[in-house]
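Where a number appears in this text, it was derived from the coordinates with a stated rule and is not lab data. Predicted model, so just to flag it, every value in this text is computed and none were measured. Because the Cβ atoms are built from the backbone with ideal geometry, glycine has one as well, and the counts that use them run over all protein chains shown.
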Amino acid sequence: MHIEVRGISKNYNGHQAVSDVSFSIERGKLIGLLGPSGGGKSTLLRILAGLESPDAGEIYINGKLVNDVQPQQRGIGFVFQNYALFKHMNVFDNIAFGLTIRKKDKAEIKQRVDELLDLTGLRGFEKRYPHQLSGGQRQRVAFARALAPRPELLLLDEPFAAIDAKVRKELRTWLKQLISTIGITSIFVTHDQDEAVEVADEMLIVQQGRLEQQGTPVSIYTEP
Ligand code: ADP
Ligand code: ADP
């Protein structure tokens, strides 16, 4: 999906969290949204997702204004940093969640969950509960759950922040591969420049609520 954001601002009790941010993203790109903690990255993602309303500005998805479209109707999947898997549900039911609440039939759910188990390398783990998985496995379940309803845009808010450095590196490589396989437009939030450079096709750099730069890692970090 093509995304265009025009003049988005958000103020919390007199504090400007996001200031007049505009950008557009081409279909199929993996965008790194980089900047220091408190810079406004999560706020921007929540606004894109429809979890929060901007004070000003418009969001267009495939040319359609979505400011008043409910989160579930935007075709967006999320993965957050601290898994947020349902502890009382096994892997199968966690992945199936978005399909179950959309009242898909059992056979269709089974088929889709099986596809995702294969795609995320989790085949054989479907009966396990989150506490029986490693951090990396849990995060792969979170990706499978986010992808199950076939979103057109995937929002990733520091998805590997809670995972140790070695596994985090493996997961980055895995994620790049996964995203290029599916070809889904994605925004990956991180405060880690190396991580952004490694995963992103293009970067958005946000500081104190303002969009400072947009471009490929090479164009941003190579002096002209
Ligand atoms: P980042 O994701 O880049 O760390 P955030 O978007 O979380 O930044 O926060 C941007 C600024 O807005 C911070 O100063 C933060 O404290 C503030 N902020 C974020 N959410 C809220 C909220 N719900 N209420 C008040 N202030 C908030
Ligand atoms: P992150 O580091 O991922 O941006 P935070 O820990 O800053 O997350 O924020 C977690 C939650 O707390 C978010 O929902 C955010 O909106 C809210 N929040 C952040 N800063 C503030 C703030 N200054 N006042 C109230 N809520 C806030």
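So between GLN193 and ARG210, what do we pick up on full extension, going 0.36 nm a residue minus the alpha carbon distance? Intermediate values should be presented prior to the final figure.
Working: separation 17, 0.36 × 17 = 6.12 nm, distance 1.73 nm.
Length difference between fully extended and current span is 4.4 nm.
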Between VAL218 and ASN67, what is the label-point separation in nm under the 7 Å Cα-to-beta-carbon projection? 3.9 nm
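Can you tell me the FRET efficiency between GLU26 and GLU115 if r is taken as the Cβ-Cβ distance and R0 is 35 Å, rounded to the nearest 0.05? Numbers along the way, then the final one.
Numbers: r = 26 Å, r/R0 = 0.75.
Efficiency computed from Cβ-Cβ geometry: 0.85.
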If the limit is 22 Å between Cα atoms, which of LYS106/LYS176; LYS29/LYS176; LYS29/LYS64; LYS41/LYS104; LYS10/LYS41; LYS29/LYS127 go over it? LYS106/LYS176; LYS41/LYS104; LYS29/LYS127
Given unit charges at Cβ for Lys, Arg (+) and Asp, Glu (-), the dipole magnitude of the range 179-224 about its Cα centre in debye, nearest 20, is 200 debye
Highest-MSF residue in the chain out of ALA107, ALA148, ALA162 [GNM, Cα springs under 10 Å]: ALA107
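State, as an integer percentage, the relative contact order of the range 105-162 based on alpha-carbon contacts under 8 Å between residues 6 or more apart.
On the way: 22 pairs, mean separation 20.2, N = 58.
For the range 105-162, the relative contact order is 35 percent.
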With the label point 7 Å along the Cα-to-beta-carbon line of GLU152 and a cut-off under 12 Å to each amide N, the hits in the range 173-213 are 185
Rounded, prolate or oblate: which one fits the range 100-163, using the alpha carbon gyration tensor with axes a ≥ b ≥ c (rounded when a/c is under 1.5, else prolate when a/b beats b/c, else oblate)? oblate
Give, as ranges by residue number, the residues of the range 32-75 whose backbone N falls under 17 Å from the point 7 Å along Cα→Cβ of GLU4. 57-68
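Just check the chain against the gyration tensor rule for me: Cα atoms, a ≥ b ≥ c as the square roots of the eigenvalues, rounded for a/c under 1.5, and otherwise prolate or oblate depending on whether a/b exceeds b/c. Intermediate values should be presented prior to the final figure.
Details: a/c = 1.84, a/b = 1.42, b/c = 1.29.
Taking the square roots of the gyration eigenvalues as a ≥ b ≥ c, the chain is prolate.
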Taking alpha-carbon centroids only, the range 110-145 lies from the range 195-216 a number of Å equal to 30 Å
Ranking VAL189, VAL5, VAL197 by Cβ neighbours within 10 Å, fewest first, what do you get? VAL197, VAL5, VAL189
Which shape class applies to the range 58-181: rounded if a/c is under 1.5, otherwise prolate when a/b exceeds b/c and oblate if not, where a ≥ b ≥ c are the square roots of the Cα gyration tensor eigenvalues? oblate
Simple SL model, points at 7 angstrom along Cα→Cβ for SER53 and THR100; separation in nm is 3.2 nm
